[in-house]
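These notes are about the structure you will find just below.
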Amino acid sequence: MARQVRHIAIAVITILAVLSPTTAHAKKQERCLGFEQAFAFYGLPVKEFSFIAYRESRCRVDAINARWDENGNIIWTLNKNGTYDSGLLQINSSWKSVTRKVCGGGIELLRTLDCNLRVARYLYDNGGLGHWGM
């Protein structure tokens, strides 16, 4: 029951964030205002993570900083070490074991709001804002 309630809450937060008129004005604010309820829901510092989401993904849940060829090989990434970043808060692909532990699946789940924020919470609890260079 609690899991169903959480999934419903996540769905509502996602819909509100995407449809929120404030999301369109995020550039002026340099924050992702439409996601601030979600940051609070996951226990993340709202102002800080709103700014991080803007800086990292420009408020895009499915953002990714890499490209692959037809065989699944990375052909381009912003990261010099060959890793890539995914989702609203641009979680690095090196966190695949944490993603599996926290979300129960592969790093492709980082492009969902729920998994991205759950892993962000884990990282925040285990290293603070330093994971995002703050």
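When only alpha carbons are used to place a centre, segment 101-134 and segment 36-98 end up 9 Å from one another. For Arg55 and Glu30, the difference between the fully extended length at 0.36 nm per residue and the C-alpha to C-alpha distance is 8.3 nm. Sequentially through segment 40-52, phi angles give Karplus couplings (6.51, -1.76, 1.60; θ = phi - 60°) of 5, 4, 8, x, 9, x, 4, 4, 5, 6, 5, 5, 4 Hz, Gly and Pro residues having no value and appearing as x. Estimated at 0.36 nm per residue, the fully extended path between Ile74 and Lys101 surpasses their Cα-Cα distance by 7.3 nm. Which of rounded, prolate, oblate describes segment 35-74, given a ≥ b ≥ c as roots of the alpha-carbon gyration tensor eigenvalues and a/c under 1.5 marking rounded, otherwise prolate only if a/b is larger than b/c? Judged from the Cα gyration tensor, segment 35-74 comes out prolate (a/c at least 1.5, a/b above b/c).
Around Thr77, what is the net charge, scoring Lys/Arg as +1 and Asp/Glu as -1 over all other residues with Cβ under 11 Å from its Cβ? With Lys, Arg at +1 and Asp, Glu at -1, the neighbours total +1.
Every read-out reported here was derived from the displayed coordinates using simple, explicitly stated rules and does not represent laboratory data. In this text the structure is predicted, and so the values were computed from the model without any measurement. With ideal geometry, Cβ positions are generated from the backbone for all residues, glycine too; neighbour counts draw on all protein chains shown.
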